[in-house]
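Undergrad: Here it is: the structure, laid out below.
Derivation of every value follows stated rules applied to the coordinates shown; laboratory data play no part. Given the structure is predicted, the values throughout are model-derived calculations rather than measurements. Quick reminder, even Gly has a Cβ in these numbers, built from the backbone with ideal geometry, and neighbours come from all protein chains shown.
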Amino acid sequence: TDSEADALAKALISGQKTASILTAVKHFPGYGDIAFDPEDTLATLDETPQVALFKTAAEAKPEFVMTSNVIYAEIDAELPFSFSEKGIALLKESMGQEPLIMTDDLPQQSLIDKFSLKGVVTLPIKAGADILTFSLNWETTLPEAIRILGETVQTGEISQGRIDGSVLKIIELKKAYYNLNL
């Protein structure tokens, strides 16, 4: 039942905190009834899954929330959730400002084909993500992604303040974690 899932989610996060383990809840707002791996193929859902379980999990204060790279037509018919300002606004409304927002894996071919590597790097940051995840093909995409990010900050397309805000959230989390484990 939903109440059992809610209680289990909160208990898991609380237990991980007791053991000094940082928690990421994922993939906000959920995959719904997608019958394939959305990391292989860009998925579109007409309706947004219920986020009630994420709201309950937020009460236990997870440190991270990972976004989905699915397009949810109700929220933004053009952009995957990780790239959408409307999507990230819904996440913050549902989970608050505290968790660090991290994307799901970005250098998947379905995203790069549609948005280019520059879009894959810049759109999530512009939308409000704090951490970009690069695991697939990272050896080839990450050096170029770092160059693109540096260039967009130098040109002002992404402000230094926007980057600094995310870095500060990461540093604050590291300080809190370090202080807990002295």
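Undergrad: So for segment 70-182, averaging the separation of alpha carbon pairs under 8 Å that are six or more residues apart and normalising by length, what relative contact order in percent results?
TA: 24 percent
Undergrad: Sticking with this structure for a sec: For a quick check, take a GNM of the chain with Cα springs below 10 Å and name the residue from Ala35, Ala127, Ala89 with the largest mean-square fluctuation.
TA: Ala35
Undergrad: Please compute the length gained on full extension between Thr140 and Ile163, using 0.36 nm multiplied by the number of residues separating them and subtracting their Cα-Cα distance.
TA: 6.0 nm
Undergrad: Please compute the length gained on full extension between Arg147 and Thr18, using 0.36 nm multiplied by the number of residues separating them and subtracting their Cα-Cα distance.
TA: 42.5 nm
Undergrad: At a Förster distance of 25 Å, what's the computed FRET efficiency of Glu172 paired with Ser116, Cβ-Cβ distance as r, to 0.05?
TA: The computed FRET efficiency comes out at 0.15.
Undergrad: Ok, one more. Apply the Karplus curve 6.51 cos²θ - 1.76 cosθ + 1.60, θ = phi - 60°, to the phi angles in segment 147-156 and return the couplings in whole Hz, x for Gly and Pro.
TA: Listing the rounded values in order: 4, 4, 4, x, 5, 5, 6, 4, 7, x Hz.
Undergrad: Still on this structure, I have one more. At a Cα cut-off below 21 Å, give the lysines reachable from Lys17, other chains included and same-chain residues fewer than 8 away excluded.
TA: Leaving aside lysines fewer than 8 places away in the same chain, those within reach of Lys17 are Lys26, Lys55, Lys61, Lys169, Lys174, Lys175.
Undergrad: Which FRET efficiency, nearest 0.05, do Asp2 and Lys92 yield, Cβ-Cβ r, R0 30 Å?
TA: Calculated value: 0.85.
Undergrad: Same structure again: Can you give the charge dipole size of the chain about its Cα centre, rounded to the nearest 20 debye, using +1 on the beta carbon of Lys and Arg and -1 on the beta carbon of Asp and Glu?
TA: 820 debye
Undergrad: As I understand it, the dipole of the chain uses +1 on the Cβ of Lys and Arg and -1 on the Cβ of Asp and Glu, about the Cα centre. Which of Val65, Leu53, Pro29 lies farthest toward its positive end?
TA: Val65
Undergrad: What is the packing order of peptides 136-145, 25-34, 116-125, taking the mean over residues of other C-beta atoms within 10 Å and listing the highest first?
TA: The most tightly packed comes first, giving 116-125, 25-34, 136-145.
Undergrad: Among the aspartates and glutamates, select those whose C-alpha is under 12 Å from the C-alpha of Lys126, and discard any that sit fewer than 8 residues away in the same chain.
TA: Answer for Lys126, where 12 Å is the Cα cut-off: Glu85, Glu157, listed by chain and number.
Undergrad: In the chain, if the dipole is taken from +1 on Lys/Arg beta carbons and -1 on Asp/Glu beta carbons about the Cα centre, which of Gln154, Phe81, Phe115 is farthest to the positive end?
TA: Farthest along the dipole direction, towards plus: Gln154.
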